[in-house]
1. Right, Gly195: modelled with pLDDT of 95 or more and surrounded by fewer than 22 Cβ atoms within 10 Å (Cβ to Cβ) or not?
2. Just to check your reading of the model, which residue among Ala177, Ala141, Ala121 is more than 30 Å from Gln262 (Cβ to Cβ) and touching a helix residue (DSSP H, G or I) at 6+ places or on another chain (Cβ under 9 Å)?
3. List pairs: first in region 164-188 and on the phi > 0 side of the Ramachandran plot, second in a loop (DSSP other than H, G, I, E, B) and modelled with pLDDT under 95, Cβ under 6 Å, 6+ apart or cross-chain?
4. Would a scan of region 102-113 turn up a residue that is at pLDDT 95 or above and under 24 Å from Asp81 (Cα atoms)?
5. If I filter region 255-264 for residues that are among the hydrophobic types (A, V, I, L, M, F, W, C), touching a strand residue (DSSP E or B) at 6+ places or on another chain (Cβ under 9 Å) and modelled with pLDDT of 95 or more, do I get at least one hit?
6. Take Ser250 and tell me if it is assigned to a strand (DSSP E or B), polar (S, T, N, Q), under 21 Å from the mean Cα position of the chain (by Cα) and crowded, with 21+ Cβ neighbours inside 10 Å.
7. Based on this model, can you work out whether Gly143 counts as assigned to a strand (DSSP E or B), of a type outside the set (Ser, Thr, Tyr), modelled with pLDDT under 95 and farther than 28 Å from Asp71 by Cβ?
8. Would it be correct to say that Gly95 is in a helix (DSSP H, G or I), under 29 Å from Gln174 (Cβ atoms) and not basic (Lys, Arg)?
Amino acid sequence: MRSRPPRRLPEVVAPAPALVLLLTLLLSLSLSACGSGGDASGAGTGTGASAQSGGKGRIPDQDVVSSVRKDPEAAALLPADVRERGTLTVATSVGTPPGATYREDGRTVAGQDVDFADAAARALGLRLKREVAGFEAILPALGSGKYDLGTGNFGVTDERRATIDFVTYINDGQGFAVRDDSPLKKVTDLKRLCGLTVATGAGTTFETTLEQHRSACAKAGKKPYDVATYAEQGALWISLQQGRSDVVMSTINGLRYAVKQQPGLRFLNEYQRLDVGFAFKKGSPLAPAFQAAVEHLKEDGTYDRVLRKWGTSESAIERSRISPPELK
């Protein structure tokens, strides 16, 4: 049922933990009120959140980071002043699992991005000072020097590579999800979305892709699709469940995780794969050290343990690269 047209939420710079927790609770309530069944397992080939932490919807809590030891060769690639200081400031975008989310206490940040950043820092003999920031605010702030690096499931695109350096650690990408009652079966061409309302995150590659192809519907003589952007991932999912949007475009891993955890939703299909990486300002001397750190994590087994924890083993990459060309 469509009660009112989609609305654009304000784009906040740093979502408050209490707001994210409230949206998560609202999402759980709205989804549990309709549909039945569903699988509590995680995405990909790994074990899901339920099995890992004892209950549906729980966030995996096993420690896969503290055993990481410093890699002297990787640490030697750091600038001397960074080695002496021993700390870096990381900006983390908090959304939904498996990327980054708040634990039940509404304060502690956890997720795949968090584990990989913490593990890489330990391999370099560094400590991270983590600040939560809005997804769309992080990349511009790197250029100004406010943060040393950023995490937020940032897909590596040619447009972003012009101003940002990336160190890849997983492969994710773009996909779609719908309610169980949706007639959509697969979206291989964005013209399949004509006449529908597509919900997605503000400032993301998904919004860019949708805007770039919006004219395709008109050229085909069809009604254009509407794009409803949301700064809060919880609000995005609620819009889908309440019928204010027809389809969600988001990360492949995030969509798969959501539909496994919540009834009434269905993963539609992958649309485009993208490498995902730690983000740095262009020309940052930190990039080679973090690339070496990711390779160290692959060698000592930590890399696979993080993927298994978050159920994203299908997103493994063969090797880490610095700002590779966008996958086509």
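The values are calculated or read from the model by the stated rules, or taken from the named source; none is laboratory data. Not measured: the values here are computed from a predicted model. Virtual Cβ from ideal backbone geometry, glycine too; neighbours counted across all protein chains shown.
1. yes
2. Exactly one residue qualifies, and that residue is Ala121.
3. Taking only residues 6 or more apart or on different chains, not a single pair turns up.
4. no
5. no
6. Considered against the rule, which asks whether it is assigned to a strand (DSSP E or B), polar (S, T, N, Q), under 21 Å from the mean Cα position of the chain (by Cα) and crowded, with 21+ Cβ neighbours inside 10 Å, Ser250 comes out as yes.
7. No, not satisfied.
8. When the stated conditions are applied, Gly95 does not pass them.
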